[in-house]
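No value in this document is a laboratory result; all are computed from the given coordinates. In this text, all values refer to a predicted model and were calculated from it rather than measured experimentally. Cβ atoms come from the backbone with ideal geometry, glycine included; neighbour counts cover every protein chain shown.
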Amino acid sequence: MTHPVRVEVLRGEQLTLEVLPEVGASVLNLRAASGRPVLRPVGLGSVETSSQCASFTLIPFSNRVRDAKFMFGGREIVLRPNTKDGLAQHGDVRNRPWHAERVDDTHLRCTFDSRDFADVNWPWAFTAGIEYRLHGPHLDMTLTLTNEDASDMPAGMGLHPYFARVQPDLRGVDPTLTVGAELIYDTDARVLTVGAARELRPDEDYRAPTPVGSREINTTYTAWDGVARLDWGARALTLTADNVYSHLVVFTAPDGSLALEPVSHATDAFNLAAQGVPGVDLRVLSPGQTLAGTVRLTLDGNW
């Protein structure tokens, strides 16, 4: 970063969390009491944007919008592309400053108001919040998204945490991944969803614990029970999401980490819903209405 960035540190009995309010209220690091990284370890000096953080927030939509435009309410909504292949991706809060209020040593509340920024890449006014709470072996992350405009607003949200797969003290053991999901989407060359979800092929099925190994994954699951788990044997980590997070994006990142992203809708749900594709879970918020849900990370075993 080109200027000093404030780091808010929460300390519980079993976890320490570092948050960057000025960088989208993103997570810089989450570590166990032993110092072991739970999310991928990040040095503050390497952070240029939230993309280098350990986790960031997706609001007012998650993942990609085809050609940065869609139809809603009988009109075409045109966004600014923010990827090299002409998509709008990951909403527009993750690199903006949020207000942070420290409730206590284990609880941080962060808020965002789109009306504070003239260049927000979204035509409706909205507010958002994320609360981080440490208690015992748990980190709870609660998102809210509220329509502050005078007309109905399409809406979505999610979290984009990157998990460290390599545990140095376990001699590079690859964890097994368990995802309690029954359906998956096909995608095109730009990783955009191309139709309704379908049943899993054997190589896509993580309902039983399975190592990821060398395979490259960048896909979205649905018909998901809200639970995903990484298990190294000596220790494990469980992600549990409220049912507003009906989809899970699984992404093997280039740095060797694994992103498990609980999100409220399919990739490109705005366009898919306009085409009548079922099950993509586009949410529509009426004025004043809020979308909300919590994701919990839980440590098990010897951390």
Which of (1) more than 21 Å from Ser264 (Cβ to Cβ); (2) within 16 Å of the chain's Cα centre (by Cα) is the odd one out, the single condition Phe117 does not satisfy?
(2)
Checking the structure you have, find out if any residue of the stretch 77-84 is of a type in the set (S, T, N, Q) and more than 24 Å from Thr252 (Cβ to Cβ).
no
Cβ-Cβ under 7 Å, sequence separation 6+ or interchain: first residue in the stretch 113-125 and closer than 14 Å to Leu145 by Cα, partner of a type in the set (Ser, Thr, Tyr) and part of a helix (DSSP H, G or I). Which pairs?
Trp122/Ser114; Ala125/Ser114
Working only within the stretch 247-267, note down all residues that are crowded, with 22+ Cβ neighbours inside 10 Å and part of a loop (DSSP other than H, G, I, E, B).
Ser264, His265, Ala266, Thr267
Considering the stretch 174-201, residues that are under 20 Å from Asp231 (Cα atoms) and not in a strand (DSSP E or B), and then whichever is farthest from the chain's Cα centre (by Cα), we arrive at Asp174
Out of the residues in the stretch 180-216 that are β-branched (Val, Ile, Thr) and free of Cβ contacts under 8 Å to residues at least 40 places away in the same chain, which is surrounded by the most Cβ atoms within 10 Å (Cβ to Cβ)?
Ile184
Can you tell me which residue within the stretch 120-171, out of those that are aromatic (Phe, Trp, Tyr) and assigned to a strand (DSSP E or B), is nearest to Ser286 (Cα to Cα)?
Phe126
Could you count how many residues in the stretch 45-79 are in contact (Cβ under 8 Å) with a residue 40 or more places away in the chain, aliphatic (A, V, I, L, M) and surrounded by fewer than 16 Cβ atoms within 10 Å (Cβ to Cβ)?
1
